[in-house]
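The structure appears right after this line, and notes come after that.
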Amino acid sequence: MALDRGSPLALTVLALLRHQPLHPYGIQRLLKQWGKDQVVNVGQRAGVYRTIERLLEGGLISVRETGRDQQYPERTVYGITAEGEAALYRWLDEMLSTPRQEFPQFPAALASALMLAPDDLAEALERRERAVAKTLGHLEAGLAAEAGLPRVSMLEIEYLREVTAAEHRWLRAVVDDLRSGRLTWSLESLEEAAAAWEASS
């Protein structure tokens with residue numbers, strides 16, 4: 001029975017198997033070699049294996065062969081099925097066309113940022129700004145290094161570069177507001193604002 005919904009990793013595994021049959025190690029190696037580990041979480045090999053099991057149970061991939069050589073343990077090679085190809089294109093269309101609320105951790109932390117003093121928040125955001133600036137530099141270097149490739153093959157890195165650049169600009173602006181005193185608060189002012197809001201509700 002085909003799966004109704006896919007994950008980013010499941011989509012990417014199917015796309016790789018659409019390219020050629022592979023064993024799990026080969027899938028993970030290609031994900032890193034092609035830079036897809038910047039947009040798909042493949043830090044834990046167990047995640048790749050769980051995804052393969054889920055796709056196999058759903059009939060979206062099948063075992064093509066099982067082999068063994070002297071240097072490696074037994075390796076099972078998987079290929080995409082007709083149902084898998086249909087799911088791949090369906091999931092791809094859905095993920096490209098339909099925004100989803102993904103609940104990343106940074107906005108959740110910002111929702112509780114008022115618990116910190118303005119200087120403490122500024123310090124934390126400055127550390128994030130430095131980290132984001134470093135990531136932005138890596139993304140720009142990656143795009144420059146792959147300038148000879150067709151643009152369509154680098155769209156995800158281009159998108160990440162733009163999103164990261166926007167976050168960096170926003171962080172710089174908020175830190176400037178915090179350091180200048182344009183953005184400030186106190187426990188008393190927050191309590192007063194909460195009371196006024198409750199009274200007007």
Only listed residue being under 21 Å from Y159 (Cα atoms) and open to solvent by 10 Å² or more (accessible area, probe 1.4 Å), chosen from P21, P8: P8
Output for the range 35-48, where each listed residue is open to solvent by 70 Å² or more (accessible area, probe 1.4 Å) and either under 17 Å from I80 (Cβ atoms) or not in a helix (DSSP H, G or I) (or both): N41, Q44
Test for R29: is it basic (K, R) and more than 26 Å from L136 (Cα to Cα): no
Any pair with Cβ under 7 angstrom, 6 or more apart, that starts in the range 87-113 at a residue that is in contact (Cβ under 8 Å) with a residue 60 or more places away in the chain and under 11 Å from G6 (Cα atoms) and ends at one that is assigned to a helix (DSSP H, G or I) and open to solvent by 70 Å² or more (accessible area, probe 1.4 Å): L88/R18
Residue ID - most open to solvent (accessible area, probe 1.4 Å), chosen from residues in the range 144-171 that are modelled with pLDDT under 95 and of a type in the set (V, I, T): V152
Those residues of the range 168-201 which are under 17 Å from V132 (Cβ atoms) and among the aliphatic types (A, V, I, L, M), in sequence order: L171, A173, V174, V175, L178
Residue pairs meeting the criteria (Cβ under 8 Å; at least 6 apart or on separate chains; first closer than 14 Å to R54 by Cα, in the range 72-83; second modelled with pLDDT under 85): E83/A2
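The values are calculated or read from the model by the stated rules, or taken from the named source; none is laboratory data. All of these numbers come straight from a predicted model, not from anything done at the bench. Every residue, glycine as well, gets a Cβ built from its backbone with ideal geometry; the counts of neighbours run over all protein chains shown. Accessible surface areas use protein heavy atoms only, side chains included; no ligands, DNA or RNA. Shrake-Rupley method; radii C 1.70, N 1.55, O 1.52, S 1.80 Å.
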